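Read-outs throughout are calculated quantities, based only on the coordinates presented, and are distinct from any laboratory measurement. Model, not experiment: these values are computed from the prediction. Every residue, glycine among them, receives a Cβ derived from its backbone with ideal geometry; neighbour counts consider all protein chains shown.
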Amino acid sequence: MNLIERVKNILITPKTEWDVINGETATQQSLLMSYVIPLAVVAAAGPLLTGLLWAGAWGFKFFLITAIIALIAQVVTFYVATIIIDLLAPSFGSEKNINKSAQLVAYSATPSYVASLLSFIPVIGFLITIAGWIYGVYIMYLGVGPLKKTPEDKKVVYLLVAYVIMIALYFIITAILGAILFAALGMGTLRALSV
């Protein structure tokens, strides 16, 4: 299945798409190259568009660095979250399978990738980004059963722990990279924390 079809299907018909995904074989590496990186690039375009349209006093360089940080953070978050979610699986009566965990993490992040592209729209862009995260939680809820064989009574807790880990990892990695890159370029640490 091609990238655009997968994005469309996971966003519009996630329940049936998880059944299709469950029948596929994929590795962390193959998902990174064919799905995560292309969509992370799309998501990083949001800060670039913001810089082009609304740079103002911060300047375009700030938004370029923000886009680079977002791209790197999304890739690192994918890898680390996949490992942690897989390690936690037995605690929630779920199947330990790193490749299924990678599918769960990669595909449930689809709404946030797409929403991040639209983050350049003043005020509404922020709301779209939040909506993308919320919809990603719902998509992960639909996928955790088929992919990880999670019992119905443990789905919600496993899902909440998994998604909190994904979001926390993303913000921690973003803060660290922001502090390093902005300081290295002489832009100060206060701006890095606003990423």
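Search the range 105-136 for residues being of a type in the set (A, V, I, L, M) and under 11 Å from the mean Cα position of the chain (by Cα), and hand back the single one that is surrounded by the fewest Cβ atoms within 10 Å (Cβ to Cβ).
114
Looking for whichever is touching a Phe, Trp or Tyr at 6+ places or on another chain (Cβ under 8 Å), part of a helix (DSSP H, G or I) and more than 24 Å from residue 76 (Cβ to Cβ) here; the options are 32, 39, 48, 52. Which one fits?
None of the other options fit; the residue is 52.
How many residues does the range 89-104 contain that are under 19 Å from the mean Cα position of the chain (by Cα) and under 22 Å from residue 138 (Cβ atoms)?
Looking only at that region, the number is 5.
Which is of a type outside the set (S, T, N, Q), part of a helix (DSSP H, G or I) and over 20 Å from residue 31 (Cβ atoms), of 114, 137, 144, 164?
The conditions single out 164.
Which of the numbered conditions does residue 26 fail, given that it passes all the others? Conditions: (1) among the aliphatic types (A, V, I, L, M); (2) in contact with a helix residue (DSSP H, G or I) (Cβ under 7 Å, 6 or more places away or on another chain); (3) assigned to a helix (DSSP H, G or I).
Residue 26 satisfies every listed condition except (3).
So which of 127, 71, 88 ends up being part of a helix (DSSP H, G or I) and touching a residue at least 60 places away in the same chain (Cβ under 8 Å)?
Only one candidate passes the filter, namely 88.
Can you name the residue in the range 1-16 that is touching a residue at least 12 places away in the same chain (Cβ under 8 Å) and in a helix (DSSP H, G or I) and is also farthest from the chain's Cα centre (by Cα) among such residues?
It comes out as 15.
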